[in-house]
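S.K.: Structure incoming, see below.
The values are calculated or read from the model by the stated rules, or taken from the named source; none is laboratory data. Nothing here was measured: the structure is a model prediction, and the numbers come from that model. Cβ coordinates were reconstructed from backbone atoms using ideal geometry, including for glycine residues, and neighbour counts include every protein chain displayed. Quick note on the areas: whole protein, heavy atoms, side chains included, nothing else; ligands and nucleic acids left out. Shrake-Rupley method; radii C 1.70, N 1.55, O 1.52, S 1.80 Å.
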Amino acid sequence: MRRSGVLLPVTSIPSKYGIGAFSKECYEFVDFLERAGQSLWQILPLGPTGYGDSPYQSFSTYAGNPYFIDLEKLVEAGWITRGDCGEEAPCEGSSGKKGREDGSAEKGVVGAAAVGNVSDVDFGESGLRKNASQRYVDYGRIYETRFHILRKAYRNSNIESREEYVAFCEKNAYWLEDYALYMAVKHAFGGKSFNQWDEEIRFREPEAMERYREKYAEEIGFIRFQQFLFEEQWLSLKEYANGKGIRIIGDIPIYVAYDSADVWASPELFQLDEGFLPTAVAGCPPDAFSATGQLWGNPLYRWEYHKETGYDWWMRRISRCYELYDILRIDHFRGFDEYYSIPYGDPTAEFGHWEKGPGYDIFQVMKKKLGKRDVIAEDLGFLTPSVLRLVKKSGYPGMKVILFAFDGGSDSEYLPHNYGKNAVVYTGTHDNDTIEGWLESAKRKRVSFAMKYLGVKRRKDIREGMIRAALSSVADTAVIPIQDYLGLGNEARMNLPSTLGTNWKWRLLPGELTEELADQMAGLAELYDRRK
C-alpha cells in the first residue's frame, strides 16, 4: 500500500506557551494532515530532555516530556488559572512580567490549520513573515517557568483520588517508580547526574532508597502526576489521529542517556565499572557530518547479558513504544549489527573501534514475543555487507534520503530509480538541512546533477522536483519534512549533529499551514497514488 506523511516534531507545533504541546493546535495539525491526504505523522522521541535539549538524550526511555502537557486542559480542570501561566507563560515564582525575556510578546496565536489564506504563501515560494519569539523554542525560559505551573496544578488536583490515576501508576510501576525517585533525588542534588550523588543512594542501598522515598514523597507524587497527564493527553491525541486515518511514527533511540533512571536503576545492562562509570561510550566514526566523528557519550550495552535474559529489558522498552506509537522507527539500526565503541574520556570519536552487536537474534525474539510489528530501520550512513544482510533478513523497510542522492553518480542507492518498494523515502530528516538550505551550501556540481536528474531548468524548481521525486518513487512510504513543503531555508533546520546550542528549537508560525498548501499536498498524494 502506497502512503505518505509529514515529519514534524511535537516541539514544532504552534502554541501559546513557547513550545508545541498536546493542545488544540496539535489536533488542528491532524486535521491539516487529513485535508492534505496524508496518512502518517512522524515525530521525534517524546522523552523528557536535559542539557542540550536533545530528544535523543532523555532522563528515561519510558517517560514523557512534561513540556508537552497542555496547560489549557489544566485551566479547564480548575487546577490553575490563566493568570497563573498567562499567554506568554509568566508563572508562580517568576517575575510576573508578561512577554518573553527579550520583551517580545506572543499574541494572536491561532491554530495551524484554522487560519484563512495567507496571500504570500505558495508551494514554490515561502515569503512568510518571521517572528523570532514564536519561531524558536526558548528552553531556558520554559525550564524556569513550566514546573511552577505544573506544581500548582498538582497541589490543586487531588489526583490520588482518581481511579484512572491509580490504575496508571500500578500499570507503569515497573518504570515509573524508579523514574519518579530518580528525578526527585536529582532535584534534591541540584540537578547533578547520579554519579555525583551520595554513595548510599547512588548505589541504591535499600535503607537509603526507603529514606529518600519518604523524604521526597511529595516530589515523587508530583513527577507521577506529570507522567499521568502526559500519557492521558498523548493517548487522547493519538486516538483522534487514528480516527482520522493517520498513524503515528514514533522514534526509539538505540541508546539511553547515561544521566537517566534507566542506567541508575539497571547498571547491569550497561558497560560500567564498579563505580558505575562507563568503560566505553557510543558514537560514530568520522564521516560527512564531522571530521572527528560524533561523540554521543551514551553508555554501551552488555549484549551478552541482554541475550541471557531473553532481551527482557528491550522487549519491555519496545512494548512501551507500541503503547504510544503505531509504527516504530529504530534509530541507528546498524548498531545492532556492529556498534562503535569509544574509550570513555576521549574528547572525540576518532579513536573508537567496532564491536559485534546482537544481530538478528534480538529481532527474532521481538517477533516471537511481540508479534509482527510495523518498523522502520534507520539504516543511513556507511553500510557494510553484514548490515545490509541484517536489514534484509529483518524484512523491515530501510530509509532513503534524496538529499544524499547527488553526492555520487547514477548508481547511488539514494537516487529514486534505485529504490525497491520496501523502503521509506525522505527528502531529508531531522539531521539534514532543508532542501533550500542544502541549495545554499551545496557544491555547484551537485546542484547541476540534481537539476539534470530531476529534469528542471531552474534552480528554484529543485525543491518541488525533489518532493515529486520522493512521492513518485516506487517506495511504499514517503515522508516529507514540513519545512520542505513550506520552502524554508537553513533557519528551519532541526539539528546539526555534533553541535550544541541551536538545535531542536525550530517551530511553525501560526498561519503557515494554509488550506492552499493542504490542497497542493493532497493533489500530489492523489497524483502519485499515496492519498489515504
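S.K.: FRET efficiency for ASN490 and VAL447, Cβ-Cβ distance as r, R0 = 22 Å, nearest 0.05?
M.R.: 0.90
S.K.: With no solvent and one point per C-alpha, what does the Debye sum give as log10 I(q)/I(0) for region 1-43 at q = 0.25, 0.27 Å⁻¹?
M.R.: -0.85, -0.94
S.K.: Then there's this: Please report the relative contact order for the chain, taking Cα pairs under 8 Å with a sequence separation of at least 6, and give it as a percent rounded to a whole number.
M.R.: For the chain, the relative contact order is 22 percent.
S.K.: Ok, one more. Over all directions, what mean area does the Cα convex hull of region 147-189 project, stated in square nanometres?
M.R.: 3.5
S.K.: Which value in nm describes the separation of the simple spin-label points at THR499 and LEU277, placed 7 Å from the Cα toward the beta carbon?
M.R.: Calculated label separation equals 3.2 nm.
S.K.: What percentage of the solvent-accessible surface of region 1-48, computed with a 1.4 Å probe over protein heavy atoms, is contributed by carbon and sulfur atoms?
M.R.: 57
S.K.: Oh, and also: Using only alpha carbon positions, build the gyration tensor of region 464-525, then give the equivalent ellipsoid semi-axes as the square roots of 5 times its eigenvalues, largest first, whole angstrom.
M.R.: 24, 17, 8
S.K.: Could you estimate the translational diffusion coefficient of region 296-454 from the Stokes-Einstein equation, with Rh from the Kirkwood formula over C-alpha pairs, at 37 °C and 0.692 mPa s, in whole µm²/s?
M.R.: Reported coefficient: 184 µm²/s.
S.K.: Using a 1.4 Å probe on the protein chains only, how many percent of the accessible area of region 209-345 belongs to carbon and sulfur?
M.R.: Carbon plus sulfur share of accessible area: 49 percent.
S.K.: Leaving ligands, DNA and RNA out of it, report the carbon-plus-sulfur percent of the accessible area of region 434-532 at a 1.4 Å probe.
M.R.: Percent of accessible area from carbon and sulfur atoms in region 434-532: 48.
S.K.: From the C-alpha coordinates alone, can you work out the Kirkwood hydrodynamic radius of region 428-532, in Å?
M.R.: Evaluated over region 428-532, this radius sits at 15.0 Å.
S.K.: On to the next question. Inverting the mean 1/r over all pairs of different Cα atoms, compute the Kirkwood radius of region 290-355 and quote it in Å.
M.R.: 14.0
S.K.: Summing -39500 (n - 2.57) over the DSSP H runs of n ≥ 4 in the chain and dividing by its residue number, what mean residue ellipticity at 222 nm do you reach, to the nearest 500 deg cm²/dmol?
M.R.: Rounded to the nearest 500, the figure is -11000 deg cm²/dmol.
S.K.: Determine, at each q value in 0.09 (inverse angstroms), the log₁₀ of I(q)/I(0) that the Debye formula gives when each Cα of the chain is one equal point scatterer.
M.R.: -0.67
S.K.: Next up: Taking region 363-427 as the region of interest, what is the percent of Cα-Cα pairs per 5 angstrom bin, listed from the shortest bin to the one with the maximum distance?
M.R.: 4, 16, 25, 24, 16, 8, 5, 3, 1
S.K.: Just read off the accessible area of HIS430 with the full protein assembly in place, 1.4 Å probe, to the nearest 10 Å².
M.R.: Counting only protein heavy atoms, HIS430 exposes about 10 Å² to solvent.
S.K.: Hey, what D do you get for region 152-256 in µm²/s if you plug the Kirkwood alpha-carbon radius into Stokes-Einstein at 25 °C and 0.890 mPa s?
M.R.: 155
S.K.: Right, next: Probe of 1.4 angstrom, ligands and nucleic acids ignored: what's the accessible area per residue over the chain, in square angstrom?
M.R.: Value returned for the chain: 41 Å² of accessible area per residue.
S.K.: Oh, and also: For a bin width of 5 Å, list the pair-distance distribution of region 254-305 built from all Cα-Cα distances, rounded to whole %.
M.R.: 5, 21, 27, 20, 12, 9, 5, 0
S.K.: Which of the lysines could a cross-linker bridge to LYS532, judged by Cα under 28 Å and excluding same-chain residues fewer than eight apart?
M.R.: In chain and number order, the partners are LYS24, LYS238, LYS244, LYS367, LYS372, LYS392, LYS400, LYS421.
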